[in-house]
Amino acid sequence: MGKHIETERANLFEPNVYITMVVKIEGTISAEELHRAVETAYTANEATMSRIVLDENGEAYYEKMERTGCKVYFDDRGWEEIVNESERIPFAIQDGELVRTFLRMNEGEAVILVHAHHLAGDGKSILILIEDIVNSLAGREIVYKPMLFINQDYFLQRASMPSWMKLALKIVNSKWKKTGKVFTWDDYYAVHNKYWQEYSSDIEVITYSVSELKRRCPDGVTLNSYLITELLKEYPESKVVGIPLSIREENESMSNQTSGIELKYHYRFNQSFEKNLFCVHKKIYKMLLNANLKYFVLMFMAQISPTLTDAVLLKTHGCYQNRLAGKMAGIMGYKGEGRRDLGVTNLMKIDIPGKYKLFQIKDILFIPPKVSYSKNVIGISTYEEQLHVSYHRMKKIKSNQT
């Protein structure tokens, strides 16, 4: 058996779980060299050399393949149009199709669009793949990188879950064992097809000058806190913000090494922006110093029966009916009042070098997945002097309403 899917299990039956990166390059590049660089990058990472196995007991794991199942295409369309088409086609993850890379070639420039299933890894993982592509394109040697996983042994060294909660989840799992079921690839395709028959992505990107934002940001707070406060002001009804949090420890592995914290704050319009900002900053960093809060979501996911997690996603999207799954969908924030008002993913400063002998990277853009547990999803990424804020909204196809 390969590497077990545990804390990232929710990504298996989540229908909108695709990470998008757009890389703009200028210089002397041939289509053949760029295509070869992508293929070389695929073979340099265990994640892109693996497929997902879902067995008869409901266990899911990565299984290494001799050849990559990830794809590379040439496409002259704009990246938005490509994303709108690609997201509607289910990733054949059981065959190892965890990433699709689209290449657009123009005279003196190229655009690399990476559209990846979240089981290929987190946002940092996709940047690792992109850096492998550009290093291979530059003729540099790239090394093979195995997958590293966050498991329960990791948590036990850093944090703990209350005993009463472990007991409660044990009881939930026992009930699920009596009433639940094991799901199959048919269910995987059914939830994807149902979702994408109803919705399509509507992505808006706003670009800012990093130096200008830093001038606006008061001393004593981070630019991340500043941007989250701005978003809370922009969405005045918001009271809960989900903030993905990298727990990666100096490794270059393509895998999911992300936890998350939940900021509860309602913007106070009777106070100054600066006062709101300092309150937001203080709350965020108080949570970051609390290991039990920092790792809670991963500890929680590790305790739940994997097939119950599947059931929650299928129930959320109307593909399965089960009372316990419905109750857990509310507790886990997929349904009802538990859903986060905002989900804000900040990749921080992207540290991939920009200049190479025959080409240079002009920009890197990140669009996060519109996951089901957040009403509004925003991605933030910084490359060189540009900071991009990407709004990943969904619009209903039939009613044409956001």
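When each of SER163, SER174, SER211 is tested for being in contact (Cβ under 8 Å) with a residue 24 or more places away in the chain and not aliphatic (A, V, I, L, M), the lone residue that passes is SER211. Looking only at residues in region 191-209 that are surrounded by 15 or more Cβ atoms within 10 Å (Cβ to Cβ) and in contact with a Leu (Cβ under 8 Å, 6 or more places away or on another chain), the one that is nearest to ILE367 (Cα to Cα) is VAL205.
Scanning region 84-118 for residues that are polar (S, T, N, Q), part of a helix (DSSP H, G or I) and open to solvent by less than 20 Å² (accessible area, probe 1.4 Å) gives a single hit, SER86.
Taking residues in region 327-354 that are more than 23 Å from SER225 (Cα to Cα), and partners anywhere that are among the acidic types (Asp, Glu) and open to solvent by 10 Å² or more (accessible area, probe 1.4 Å), the pairs with Cβ atoms closer than 8 Å and at least 6 places apart or on different chains are GLY330/GLU337; ILE352/GLU131; GLY354/GLU384.
Note on region 1-83: enclosed strands (runs of 3 or more DSSP E) holding 3 or more residues that are closer than 18 Å to GLN94 by Cα are 50-54, 60-64. Scanning region 334-372 for residues that are at pLDDT 95 or above and within 22 Å of ASN173 (Cα to Cα) yields one hit, TYR334. Which one is farthest from TYR154 (Cα to Cα) among residues in region 279-296 that are open to solvent by 20 Å² or more (accessible area, probe 1.4 Å), touching a residue at least 40 places away in the same chain (Cβ under 8 Å) and within 21 Å of the chain's Cα centre (by Cα)? Taking the candidates together, the pick is LEU288.
In region 4-42, what residues are free of Cβ contacts under 8 Å to residues at least 40 places away in the same chain and either polar (S, T, N, Q) or on the phi > 0 side of the Ramachandran plot (or both)?
Of the residues in region 4-42, the ones free of Cβ contacts under 8 Å to residues at least 40 places away in the same chain are 30, 32, 39.
Passing the criteria: only SER30.
Annotation note: Cβ proximity below 8 Å between a residue of region 135-153 that is farther than 27 Å from GLY2 by Cβ and a residue that is open to solvent by less than 80 Å² (accessible area, probe 1.4 Å) and of a type in the set (D, E, K, R) (sequence gap 6+ or interchain) occurs for no pair. Filtering region 239-261 to residues that are surrounded by fewer than 22 Cβ atoms within 10 Å (Cβ to Cβ) and closer than 18 Å to ALA116 by Cβ leaves PRO244, SER246, ARG248, GLU252, SER253. Could you grab me the full set of residues in region 62-79 that are open to solvent by 30 Å² or more (accessible area, probe 1.4 Å), in contact (Cβ under 8 Å) with a residue 40 or more places away in the chain and under 17 Å from PRO146 (Cβ atoms)? Selection gives GLU63, LYS64. For LEU213, are the conditions met, namely being within 28 Å of ILE364 (Cα to Cα), modelled with pLDDT of 95 or more and surrounded by 16 or more Cβ atoms within 10 Å (Cβ to Cβ)? No; evaluated as a whole, the condition is false for this residue. With respect to the stated conditions, LYS181 is surrounded by 13 or more Cβ atoms within 10 Å (Cβ to Cβ), within 25 Å of ARG323 (Cα to Cα) and either at pLDDT below 95 or of a type outside the set (A, V, I, L, M) (or both).
The values are calculated or read from the model by the stated rules, or taken from the named source; none is laboratory data. These numbers were taken from a predicted model, which means no experiment stands behind them. Because the Cβ atoms are built from the backbone with ideal geometry, glycine has one as well, and the counts that use them run over all protein chains shown. The accessibility values were calculated without ligands, DNA or RNA, using every heavy atom of the protein model including side chains. Shrake-Rupley method; radii C 1.70, N 1.55, O 1.52, S 1.80 Å.
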